[in-house]
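The values are calculated or read from the model by the stated rules, or taken from the named source; none is laboratory data. Treat the numbers as computed from the prediction; the structure is a model and nothing was measured. When we count neighbours, we look across all protein chains shown, and the Cβ atoms used for this are built from the backbone with ideal geometry, even at glycine. What goes into the accessible areas is simple: the full protein's heavy atoms, side chains included, and nothing from ligands, DNA or RNA. Shrake-Rupley method; radii C 1.70, N 1.55, O 1.52, S 1.80 Å.
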Amino acid sequence: MPSISHPTSAPSSIRLLAVFAVLFIAYQLPEGLGARILHSMPVAATLMLLFLPVAWLCGRALGWRGLDAWYMQRSTGWAMLLAACFALAVLAKLGALAAGSALGVYEVRFATDKDGQAWLLAALGMLPFTFVPSVAEDIVTRGFLMRALPSLGQRPEFIAASALVYVLNHIYRLSNGPVEWLMLFCFGLAYAAALYYSRSLWPAIGLHWGWNFAGQFMDQVGSVDGNGNGPFVSMAAHLMMLAAVVLVARMVGQPAVRRQALGS
């Protein structure tokens, strides 16, 4: 198949369903097979890394130039969008921890046996470790949905629809109950809005990656104990990120976004 930026015809429903099945299985395998069945983190990590070439091949199968199928074009400013949203999410996570500590929701402890070099090494190790899973889930629950249902992708209902798919994609956490579902839905709203308004997956990846990075970095350099109300703090943080995304989109101008959507 030639490497083209736009397919010559819309892919069939059968091909779209087949691609989604491949992406979904490729995303779930690291935890399902690697972590839960084989109890091997190296296997889980290897399977997760394999998701990216699988997603590239799936994009080619739909007639796009690899990851461009999932709105990951490296157009002007993509790296700045990624970095800015990453920083926003890290600040949101730190703000959530600070607010939660003040409200008695969290008890945050930092390891006293680690110096600045250990913190830096932990941060550098967490960057790639949290990047790939964030990209993978954003492709499955956001990039694919917008590509498969372009008419939905041009309407604000896409944000809620993608958030619902994001909840359902957490098959190993659904048994945690309604509070977990609501928290994941709020997460999905912020991330889906970033794609909807920018027509690029990079801002969604930045938000998702930054939140995951900050959380797992804290696990490396300290500990966070909660009283059970932590999900509500995380919901509030993501609703604030959602508000920030909408505010920036309105400042940029909705007509420009819509014109780009029609040509994407």
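At 222 nm, what value in deg cm²/dmol follows for the chain if DSSP H runs of at least 4 each add -39500 (n - 2.57) and the sum is divided by all its residues, to the nearest 500?
Numbers: 11 runs with 184 residues, N = 264.
So the calculated ellipticity at 222 nm is -23500 deg cm²/dmol.
May I ask you to compute the full-extension gain from residue 224 to residue 108, defined as 0.36 nm times their residue separation minus their alpha-carbon distance, rounded to one decimal in nm?
On the way: separation 116, 0.36 × 116 = 41.76 nm, distance 0.46 nm.
Taking residue 224 through residue 108 to full extension adds about 41.3 nm, to one decimal.
What FRET efficiency comes out for residue 37 versus residue 115 if R0 is 22 angstrom and r is the Cβ-Cβ distance? Round to the nearest 0.05. Could the numbers behind the result be given before it?
Numbers: r = 38 Å, r/R0 = 1.74.
Here the calculated transfer efficiency is 0.05.
With springs only between Cα atoms under 10 Å apart, run a GNM on the chain and tell me which of 68, 113, 138 wobbles the most.
Most flexible of the set in this elastic network: 113.
Which angle from 0 to 90°, rounded to the nearest 10, does the C-alpha axis of helix 157-169 make with the longest principal axis of the chain?
The angle comes out at about 60 degrees.
Counting only protein heavy atoms and using a 1.4 Å probe, what share of the accessible area of region 19-126 belongs to carbon plus sulfur, as a whole percent? Let's see the in-between values first.
Values: 4320 of 6050 Å².
Whole-percent figure for carbon plus sulfur exposure: 71.
With Cβ to Cβ distances under 13 Å as the rule, what net charge do the other residues near residue 27 carry (K, R +1; D, E -1)?
Numbers: positive: 142; negative: 31, 137, 138.
Summing Lys/Arg as +1 and Asp/Glu as -1 gives -2.
Working out 0.36 nm times the residue gap between residue 83 and residue 10, then minus their Cα-Cα distance, what length gain in nm do you get to one decimal?
Numbers: separation 73, 0.36 × 73 = 26.28 nm, distance 3.27 nm.
Additional length available on full extension: 23.0 nm.
Grab the other residues whose beta carbon is less than 13 angstrom from that of residue 47, score K and R as +1, D and E as -1, and report the net. Please list the in-between numbers first.
Numbers: positive: 36; negative: 31.
With Lys, Arg at +1 and Asp, Glu at -1, the neighbours total 0.
Longest segment of the chain with no trypsin sites (Lys or Arg not before Pro) in a DSSP loop having at most 13 other Cβ atoms within 10 Å? Walk me through the numbers on the way to the answer.
Values: sites that count: 74, 173.
The longest uninterrupted stretch comes out as 75-172.
In square angstrom, rounded to the nearest 10, how much accessible surface does residue 208 have for a 1.4 Å probe?
Per-residue accessible area (residue 208): approximately 10 Å².
Over 5 Å intervals from 0, what percent of Cα-Cα pairs in region 84-234 sits in each interval?
Calculated P(r), rounded to whole percents: 2, 10, 17, 20, 20, 16, 9, 5, 2, 1, 0.
What Kirkwood Rh does the chain have if only Cα atoms enter the pairwise 1/r average? Answer in Å. Could you put the intermediate results ahead of the total?
Values: mean 1/r = 0.0519 Å⁻¹.
That comes to 19.3 Å for the chain.
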